[in-house]
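Visitor: Dropping a structure here in structure tokens format, bear with me for questions.
Here, each number is a calculation from the coordinates, and none is a lab measurement. For clarity, every value in this text was computed on a predicted model and none was experimentally measured. Using ideal geometry, Cβ is built from the backbone for each residue, glycine included, and neighbour counts are taken over all protein chains shown.
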Amino acid sequence: MKKTEELKAEILMALGHPNRIRIVESLREGKKCNCELVVELGLEQSNLSRHLKVLIEAGILISWREGVRMSYRIADKRIYEILELAGIIARSNIEMKAKALKGA
């Protein structure tokens, strides 16, 4: 059985690519099929599939087949809390760097 630290690292690593964050944000409103995600995000199908696989393996997304299409949704909406906190930290870092440049 994996340790909690390893499980946390898997989730954070899965979120560690801008396109995967874009996918998660795109699913904020609800489920979408891969054909919708390809168009919305402007990714190649093969590239999208690789990113979706990483998110599914990390337990961030759930997938299922609807006829010939694959559909996806967020497994746990609390993932958006992680993204919100990351955004707050990123903005804070930018502000600190700007202040340091002004003071230099």
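Visitor: Are there any pairs with C-beta distances below 6 angstrom linking a residue in the stretch 24-42 that is within 17 Å of Glu66 (Cβ to Cβ) to a residue that is in a helix (DSSP H, G or I) and among the polar types (S, T, N, Q), with the two at least 6 apart or on different chains, and if so which?
Guide: Final answer for the pair search is Val38/Gln45.
Visitor: Taking only the stretch 26-73 into account, find how many residues are under 15 Å from the mean Cα position of the chain (by Cα) and among the small types (Gly, Ala, Ser).
Guide: Qualifying residue count for the region: 6.
Visitor: Quick one: count up the residues across the stretch 43-79 that are in contact (Cβ under 8 Å) with a residue 40 or more places away in the chain and within 24 Å of Ala9 (Cβ to Cβ).
Guide: 10
Visitor: Evaluate the following for Arg73: is it within 14 Å of Gly30 (Cα to Cα) and either of a type in the set (D, E, K, R) or in a helix (DSSP H, G or I) (or both)?
Guide: yes
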